[in-house]
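The values are calculated or read from the model by the stated rules, or taken from the named source; none is laboratory data. A quick note: this is a predicted structure, and the numbers were derived from the prediction, not measured. Methodologically, a virtual Cβ is constructed for each residue, glycine included, from the backbone with ideal geometry; neighbour enumeration extends over all protein chains shown.
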Amino acid sequence: MKLSAWHKSQGDEVTFTKSICRELFETDYDVVYASAIFKWSENCVTQMREQWPQAIIGGTGTDSARLTEEIVGDFAGHDYEIYPWFKSSIGFTQRGCRLNCGFCVVPKKEGKVRGVNTIAEIWRGEPWPKQLHLLDNDFFGQPLWRERAEEIIAGNFAVCLNQGINVRLIHKEGAEMLARMKYSDDQFKTRRIYTAWDNRKDETIFRRGIGMLLDAGIKPRNVMVYMLCGYWPGETLDDVMYRFQTMKYIGLMPYPMVYDNGNKLMKKFQRWVIRRYHEIVSFEDYLKGERDDDTEACLAV
């Protein structure tokens, strides 16, 4: 969206497509961009390079470290015309992160946490709804988080913090401010806060942060918790199941995120949770119906 807006501001014509393959009579372009998020998109990246040898392909699913900002500089516009059905406003109030987790690329790609935009700079204005998709990785880590939070509350914005808040570092003031917001899921249909519990060793600080949210008046059923599975050396199914059962006991909504798509056991655990089979059958019984030759081999992830 930023690339498109920047090119249009230069007087260029922009074509937006999700297709990799060149159409039979498709024109040649002066420049072609593509983005790949996941490593398992490697085949798509290869096809893209075959079709468009000069394409600039970036994203965490590639070996490229090139950023959009290297092309557009500090240009701040977004082209909403390429997503005409999208009525909300999207952007960042901050970039970067205070932490340096081994499985996360944010510190490498974005650097130290810093503020970038006010709410007024992100919202498209009338007649667009007061719905914000904030892509911040560490909303409460930025120096001016109070000011941004007050702008959201005073402006009566519904906000989706869909990258999640860092519950390990949340504080009482932040939790209370969050409880005053109209926090929502990415469809703006349900009250939702996103956070994560990635390591069983973080149980104490995770429970502490969740306790602050609940004490501030946030309902546990409105908290979706991403749980990283299959990343830590020596992690067992018991470790993963312990986190899941602990969150279910509190009343939270666990959402497994499998680090390695080739880990078939964890992919089955993910399906068991997301499709809510856990409400009707144990994981052991679920595996009996799905067991294959690879399941036994990955019982210890």
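Just to be sure, is ILE20 hydrophobic (A, V, I, L, M, F, W, C), in contact (Cβ under 8 Å) with a residue 12 or more places away in the chain and assigned to a helix (DSSP H, G or I)? In short, no. Number of residues in the range 124-168 that are in a loop (DSSP other than H, G, I, E, B), touching a Lys or Arg at 6+ places or on another chain (Cβ under 7 Å) and either modelled with pLDDT of 95 or more or of a type in the set (Gly, Ala, Ser) (or both): the value is 5. Remark: TYR255 falls outside the filter, which requires a residue to be in a strand (DSSP E or B), touching a Gly at 6+ places or on another chain (Cβ under 8 Å), of a type outside the set (S, T, N, Q) and on the phi < 0 side of the Ramachandran plot. Scanning the range 210-224 for residues that are in contact (Cβ under 8 Å) with a residue 60 or more places away in the chain and either of a type outside the set (Phe, Trp, Tyr) or surrounded by 21 or more Cβ atoms within 10 Å (Cβ to Cβ) (or both) turns up nothing.
In the range 1-17, the qualifying residues are those that are without any contact (Cβ under 8 Å) to a residue 60 or more places away in the chain and not in a helix (DSSP H, G or I), and the one that is nearest to PHE86 (Cα to Cα) is THR17. Scanning the range 50-73 for residues that are under 17 Å from TYR29 (Cβ atoms) and loosely packed, with under 14 Cβ neighbours inside 10 Å yields a count of 3. Going by the conditions given, is ASP198 touching a residue at least 60 places away in the same chain (Cβ under 8 Å) and of a type in the set (Asp, Glu)? It is true that ASP198 is touching a residue at least 60 places away in the same chain (Cβ under 8 Å) and of a type in the set (Asp, Glu).
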